[in-house]
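**Q** There's a structure below that I have some questions on.
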Amino acid sequence: MPAFPSLSRSLCAAFLGLAAAAVPGGAAWAQAAYPSKPIRLIVPFPPGGGTDMIARTVAQKLTDQNKWNVIVDNRPGAGGNLGVDAAAKSAPDGYTLVMGQTSNLAINPTLYPKLPYDPLKDLVPVALVSSSPIVMAAPVNSPYKTFPDVVAAAKGKPDALTLGYSGNGTVAHLAGELAENAAGIQLRHIPYKGAAQAMTDLVGGQIDLYMSSVPTLLGQVRNGKLKVLAITSAKRSSQLPDVPTLAESGYKGFEAVTWFGILAPAGTPAPIVAQLNKAINQALQHAEVAERLRSEGGDVMGGTPEQFTQLLRTEVPRWGKIVKDSGASLD
């Protein structure tokens, strides 16, 4: 499904045609000249994580459907900044792409005082791929069953309930901050360096609540060790259909999700961007790709490069303000 459903398929097709026509030879030139060698898709995180899974799913489908050779290259470090920077500084020839996400494209520009790249200037959006909500979870024997239960308890005892998350300045951390601000409550924050210890403490009852992506928690929820109180997306998750959104819980308009998208170095020719965009959208329409993304708690996005650009221009200042308001730091 396109990221912005109000734009019709005909408009998307028209955009692709105009982009191709903007360069001599148009789409026919792009098809004839590109690609003639392997395409590298940089993942700025280690293998095995959510971003890596999404990238490998799309890369495999692009390889299968187009007979291209799309190779995933994991470049972890500095909260995803190293991999994104490597892509931004690569030759703008369409043979180096990067799987970006909310954290390294919209949050890190404010969180890191000296970011080596500008996501709005040094990269060109190709296509949005998917989005994933954040959830608030509690031990299965917790007295809290819903987010309103948490709000009532927190208002009775400010700063008494503990809220864990994996790392300062992450989407989970900032989504928790947004939820607190919306409800007018104060929780005691417990930042972890990773999900493993946090999950152990949550299941064991050492912390009251935990904010995280759906895939991190889904196994323990299905095993009956955790329960999910609320979800931060605008609509319910297909993997957790019984869990109400925060908007449904009384906080109209609340939405905070992690989105993922593929970008290329700035200066990449428009016909190549258009060709890649078309191929990625075709890959996302395959049932097995959509099901794979949904199985990890995500929703298929897709859409045009212009739509991705529009999202970036909105999300960078939005999350920047959230970072500043929260006082999040790397210390």
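The values are calculated or read from the model by the stated rules, or taken from the named source; none is laboratory data. Remember, it's a predicted structure, so these values are computed and weren't measured experimentally. Note that we place each Cβ from the backbone using ideal geometry, even for glycine, and neighbour counts take in every protein chain shown. We work out accessible area using only protein heavy atoms, side chains counted, and drop any ligands, DNA or RNA first. Shrake-Rupley method; radii C 1.70, N 1.55, O 1.52, S 1.80 Å.
**Q** Return the distance in nm (one decimal) between the two label points of a simple spin-label model at residue 181 and residue 73, each offset 7 Å from Cα along Cα→Cβ.
**A** It works out to 3.7 nm between the two label points.
**Q** At a 1.4 Å probe radius, carbon and sulfur cover how many percent of the accessible area of the chain?
**A** That share works out to 55 percent.
**Q** Which whole-number value in Å² is the accessible area per residue of segment 146-209, probe 1.4 Å?
**A** Ligands and nucleic acids excluded, the result is 42 Å² per residue.
**Q** Something else: Where is the GNM fluctuation largest for the chain (alpha-carbon springs, 10 angstrom cutoff): 158, 271, 47?
**A** Result: 158 has the largest fluctuation of those listed.
**Q** If you place +1 on the Cβ of every Lys and Arg, -1 on the Cβ of every Asp and Glu, and leave all else neutral, what size is the dipole of segment 187-331 about its Cα centre, to the nearest 20 Debye?
**A** That gives segment 187-331 a dipole magnitude of about 100 debye.
**Q** Something else: Roughly how many Å² is the accessible area per residue of segment 216-269, as a whole number, for a 1.4 Å probe?
**A** 42 Å²
**Q** Pulled fully out, how much extra length does the chain show between residue 37 and residue 234, if you take 0.36 nm times their separation in residues and subtract their Cα-Cα distance?
**A** So the extension gain works out to 66.9 nm.
**Q** Counting alpha carbon pairs within less than 8 Å and at least 6 residues apart, what relative contact order, in whole percent, applies to segment 194-330?
**A** Over segment 194-330, the number comes to 16 percent.
**Q** Given the -39500 (n - 2.57) contribution per DSSP H run of 4+ residues, what per-residue ellipticity at 222 nm results for the chain, rounded to the nearest 500 deg cm²/dmol?
**A** -13000 deg cm²/dmol, from helical runs alone.
**Q** Can you give the net charge of the other residues whose Cβ lies under 14 Å from the Cβ of residue 110, counting K and R as +1 and D and E as -1?
**A** Computed value for this residue: 0.
**Q** Run the numbers for residue 153 and residue 255: contour at 0.36 nm per residue of separation, minus the present Cα-Cα distance, in nm.
**A** Result: 34.4 nm gained on full extension.
**Q** Need one number: nm distance between label points at residue 330 and residue 223, each 7 Å from Cα along Cα→Cβ, rounded to one decimal.
**A** Going from the residue 330 label point to the residue 223 one covers 3.4 nm.
**Q** From the backbone phi of segment 284-296, what are the Karplus-calculated ³J(HN,Hα) couplings (6.51 cos²θ - 1.76 cosθ + 1.60, θ = phi - 60°) in whole Hz, Gly and Pro given as x?
**A** Going residue by residue, I get 5, 7, 6, 4, 5, 5, 4, 5, 4, 5, 5, 4, 9 Hz, with x marking Gly and Pro.
**Q** Below 8 Å, C-alpha to C-alpha, sequence gap of six or more: please give me the relative contact order for the chain in percent.
**A** After rounding, I find 29 percent.
**Q** Another question, if that's okay. Starting from 0.36 nm per residue, how many nanometres of slack lie between residue 291 and residue 188 once their C-alpha separation is accounted for?
**A** That works out to 33.4 nm of additional length.
**Q** Right, another one. Would you check the accessible area of residue 201, probe 1.4 Å, heavy atoms only, in square angstrom rounded to 10?
**A** The accessible area of residue 201 comes to roughly 30 Å².
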